[in-house]
1. Taking the chain as a Gaussian network, where each spring joins two C-alpha atoms under 10 Å apart, which residue of H405, H299, H182 fluctuates the most?
2. Measure nothing but the geometry: give the 0 to 90° angle between the long axis through the Cα atoms of 407-430 and the longest principal axis through the Cα atoms of the chain, rounded to 10°.
3. Using the Cα centre of the chain as the reference point, and only Cβ charges (+1 on K/R, -1 on D/E), how large is the resulting charge dipole? Debye, rounded to the nearest 20.
4. Which are the unpartnered cysteines of the chain, meaning those with no other cysteine Cβ under 4.7 Å from their Cβ?
5. Using a cut-off of under 15 Å, list every residue of the range 233-251 whose amide N is near the label point 7 Å from the Cα of N285 along the Cα-to-beta-carbon line.
6. Percent of accessible area on the chain owned by carbon and sulfur, 1.4 Å probe?
7. Leaving out same-chain residues fewer than 8 places away, which lysines sit with a Cα under 19 Å from that of K192?
8. List the relative contact order of the range 245-290 as a percent without decimals, with contacts defined as Cα pairs under 8 Å and 6+ residues apart.
Amino acid sequence: MFQRMPPLWLRVVGFVLLVGVLGLALAFLIIQIRGPRLEVVRPVTIPEGETNPAVWGLAFPREYQTWLRTKEGRKTLFAGSIPYDKLEEDPRLRILWEGYPFAVEYGEDRGHAYSVEDVLKTKRIQVLAQKRGGSAPGTCWTCKSADVPRLMEEMGPANFYATPFEQLRERIQHPVSCANCHDPKTMAPTIKHVALQEALQKMGKDIRNLSRQELRILTCAQCHVEYYFARDPKDYLVFPWEKGTRFEDIEAYYNERNFADWVHPSTGAPVVKFQHPEFELYTANSTHYLAGVACVDCHMPFVIEGGIKYTSHQAASPWYRMEQACGTCHLDIPFIRKRVEIIQTITKGLQDAAEVALVEAIEALKAIKDNPNADPKLGEEARTLFRKAHMRWDFVSAENSLGFHNPQEAMRLLAESINFARQAQLKAIQALQRPQARIP
């Protein structure tokens with residue numbers, strides 16, 4: 001006998017249940033494939049102009065807690081964020097920076113949370129103040145506090161820069177943090193520092209039309225760049241990018257203006273002290289830059305916590321969290337760690353060789369300085385070569401990755417530095433070869 005079919009209503013109910021179960025299974029599968037969800041922002045309004053990171057932390061507690069961890073100090077292979085005296089470790093630096101505040105004090109930087117505290121402690125500010133008649137310029141605060149963009153908007157950039165450093169102290173409260181980089185309404189990365197805005201404008205870039213990826217790099221370029229204090233307007237902060245951002249572009253810019261931070265006393269050569277040109281070195285066609293990697297991908301990677309995915313704001317070296325910082329693209333982390341070690345070790349060796357060559361060039365130049373019998377033409381050529389060598393070494397030395405941000409470019413510049421330093425040494429020796437050119 002044929003079995004009777006279930007009633008139509010029962011078949012419909014069964015079909016609906018089957019579809020529901022399959023739908024739930026599919027949704028679960030999609031969640032597993034896509035990974036942890038991004039955190040939903042809490043409905044906390046951040047007031048316009050708010051610079052206290054703790055207030056921002058009410059809306060973004062995980063990001064704030066990781067920002068607080070920038071207080072943690074760690075030693076990496078050659079650097080890190082634990083303070084130590086670099087001048088004691090490398091006495092050649094005192095010779096290379098003779099006559100400049102860096103020859104008085106040069107230590108390892110700590111994290112963002114210490115930016116205000118550390119700039120108040122540094123002896124370089126005190127030395128600068130003494131040289132300038134008792135006061136350093138307000139320009140020295142530019143990359144040290146979340147309060148700076150607001151103060152510059154209130155006072156105007158020129159007035160802010162010209163105001164004595166000590167007078168601005170009472171209006172500076174919070175270190176580098178959320179307000180330096182984010183729009184309080186949208187949380188989008190935002191360029192707030194005037195010097196970068198002006199530099200991009202001179203290069204023909206409209207900051208309103210920058211892509212999000214460009215902003216993820218340029219937000220860091222508000223501070224991690226080369227800059228100088230212009231003479232007119234006095235102490236006005238300028239990025240030397242009018243010709244471009246590669247080393248030779250910056251060198252040509254400075255040479256056109258006959259710019260020098262100081263004259264090296266033992267050689268008489270006008271030289272430039274570079275600051276921290278991470279952006280310039282990284283964007284000079286490095287492998288990671290050409291691959292579309294932004295600064296935050298490595299220095300502020302995504303982390304997963306309780307099924308929540310968010311950006312760590314513990315801006316620091318990736319050395320101790322390579323699984324998070326490098327593992328997104330690279331599977332063999334031990335291999336990547338070894339590559340970093342090889343790159344930095346080779347760069348350190350070249351940097352040391354450049355310093356040795358520069359110190360020996362200084363000794364040769366010292367012998368012809370103020371020597372009336374030395375060939376003046378050869379002496380000038382020697383000083384020009386020394387400036388070229390010093391600038392290339394200092395550019396890499398001041399950049400905080402020991403070559404890793406762009407190994408080929410760093411090694412090229414250091415190799416050129418060694419070459420120019422030896423040429424300067426030879427020219428100085430030749431300047432004393434004339435019979436009447438004897439060392440007094």
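1. H182
2. 0
3. Values: 54 positive and 52 negative charges, 166 e Å.
With Lys and Arg at +1 and Asp and Glu at -1, about 800 debye.
4. Result for the chain is C140, C178, C181, C298, C326, C329, no neighbouring Cys Cβ within the cutoff.
5. So the set is 245-249.
6. On the way: 13450 of 23030 Å².
Heavy-atom surface of the chain belonging to carbon and sulfur, 1.4 Å probe: 58 percent.
7. K144, K202, K205
8. On the way: 28 pairs, mean separation 16.6, N = 46.
In percent, rounded to a whole number, it is 36.
The values are calculated or read from the model by the stated rules, or taken from the named source; none is laboratory data. Bear in mind that the values here come from a model prediction, so they are computed numbers and not experimental data. We place every Cβ from the backbone using ideal geometry, glycine too, and count neighbours over all the protein chains shown. In case anyone asks, the SASA skips ligands and DNA or RNA and just uses the protein heavy atoms, side chains included. Shrake-Rupley method; radii C 1.70, N 1.55, O 1.52, S 1.80 Å.
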